[in-house]
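Read the structure below first, then the notes.
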Amino acid sequence: MKIFRGDPASWNPDRTPYAVAIGVFDGVHRGHMAVFEALRSASDDLDVCALTFGSLPEEIVSANPAPPLLTTIERRIELLEESGLDAVGIIDFDDDIRHLSPAEFVELFLVRALNAGLVAVGQGFRFGYDASGSVDDLRLLGGNFDFDVVETQIVNLHGTEVRSSAIRAAIATGSVELAARMLGRPFEIEGSVVTGDERGRSIGFPTANITTPAGLVQPAGGVYAVRCVVDGQVFDGVANVGTRPTFGGVDETIEVHLYDMDIDLYDKTVRVQFIDRIRNEQRFTSVDALVAQIEADIEVAKRIFAS
């Protein structure tokens with residue numbers, strides 16, 4: 001898959017015509033996949049390109065903090081490639097890009113950079129300065145620049161609209177099963193394993209402390225059944241998200257215990273896939289009570305993976 005970044009004038013010197021899907025595509029969820037499928041169905045032999053943003057536009061245009069991301073831009077690119085796209089163009093959103101009118105945005109990115117023959121967007125798509133451009137405006141500009149426009153409907157999953165915001169909300173409340181249904185795969189966090197206080201090891205349950213990239217959505221505190229991908233291998237386990245109140249913790253951490261497995265994870269990169277939430281985090285009156293609960297949590301996780 002080709003990756004275009006930087007000066008749009010340098011993206012496509014051969015003037016290859018593309019079918020282009022425009023969006024942030026945070027999470028690359030089922031709704032985004034519907035946009036890609038609509039584009040493939042209507043694009044004949046055109047190569048398919050996702051036109052996305054290196055960061056959320058809200059970071060520039062809003063006085064409020066931008067919402068946390070579902071994926072890093074690096075993981076988003078991997079997922080877009082896995083979805084079968086031929087190219088991705090990454091817009092580094094800044095004040096210059098922000099102030100482009102709808103017509104200027106179209107001419108710069110769709111016409112000059114990607115020689116678009118077909119463009120697909122989600123329902124209610126807005127673009128250009130102050131989000132002043134609508135899908136109807138995009139169609140008018142397509143008539144001027146000789147590209148067609150496909151507007152896809154929002155995917156509805158059992159009464160829930162599949163949106164990145166809905167997935168973030170599900171994760172933030174611990175509803176990782178619902179998030180997985182909307183994503184089309186488990187919600188995951190990738191990070192490095194760092195040395196902790198080794199309290200887990202001291203009570204018979206060694207854990208890997210995962211550092212996560214800043215700006216990503218965090219699951220609600222609690223204990224989860226998880227799958228971990230390490231060096232291409234997949235392991236089952238349980239994860240605690242929270243402050244470890246039994247030991248008087250303050251900072252929130254993600255700790256993973258891979259049961260029935262003895263493997264050194266220090267300094268490795270681990271992708272933690274959250275399968276189901278087992279319980280809330282809680283404070284125990286003794287280490288023995290905590291140990292008994294961890295053993296029960298592992299049994300619940302095993303039943304989850306066996307079902």
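Quick notes
- Out of Val291, Val223, Val287, sole residue that is among the β-branched types (Val, Ile, Thr), in contact with a Gly (Cβ under 9 Å, 6 or more places away or on another chain) and surrounded by fewer than 19 Cβ atoms within 10 Å (Cβ to Cβ): Val291
- Test: residue in the stretch 140-152 that is touching a Ser or Thr at 6+ places or on another chain (Cβ under 7 Å) and either at negative phi or among the aromatic types (Phe, Trp, Tyr) (or both): no
- Exclusive hit being surrounded by 15 or more Cβ atoms within 10 Å (Cβ to Cβ) and over 19 Å from the mean Cα position of the chain (by Cα), set Val217, Val193: Val193
- Residue satisfying condition, being under 25 Å from Arg5 (Cβ atoms), touching a residue at least 12 places away in the same chain (Cβ under 8 Å) and surrounded by 20 or more Cβ atoms within 10 Å (Cβ to Cβ), within set Gly142, Gly122: Gly122
- The residue of the stretch 100-135 that is nearest to Thr16 (Cα to Cα), among those that are at pLDDT 95 or above and either in contact with a Cys (Cβ under 8 Å, 6 or more places away or on another chain) or of a type in the set (D, E, K, R) (or both), is Leu114.
- Ala179 vs. criteria at pLDDT 95 or above and not polar (S, T, N, Q): yes
- Residue ID - nearest to Asn12 (Cα to Cα), chosen from residues in the stretch 106-142 that are of a type in the set (Gly, Ala, Ser) and touching a Phe, Trp or Tyr at 6+ places or on another chain (Cβ under 7 Å): Ala113
- Hey, Asp236 of a type in the set (Asp, Glu), closer than 24 Å to Leu70 by Cα and not in a loop (DSSP other than H, G, I, E, B) or not: yes
- Single residue of Arg76, Arg126 found to be under 23 Å from the mean Cα position of the chain (by Cα), among the charged types (D, E, K, R) and within 25 Å of Gln273 (Cα to Cα): Arg76
The values are calculated or read from the model by the stated rules, or taken from the named source; none is laboratory data. This structure is a prediction, so every number in the text was calculated from the model and none was measured. We place every Cβ from the backbone using ideal geometry, glycine too, and count neighbours over all the protein chains shown.
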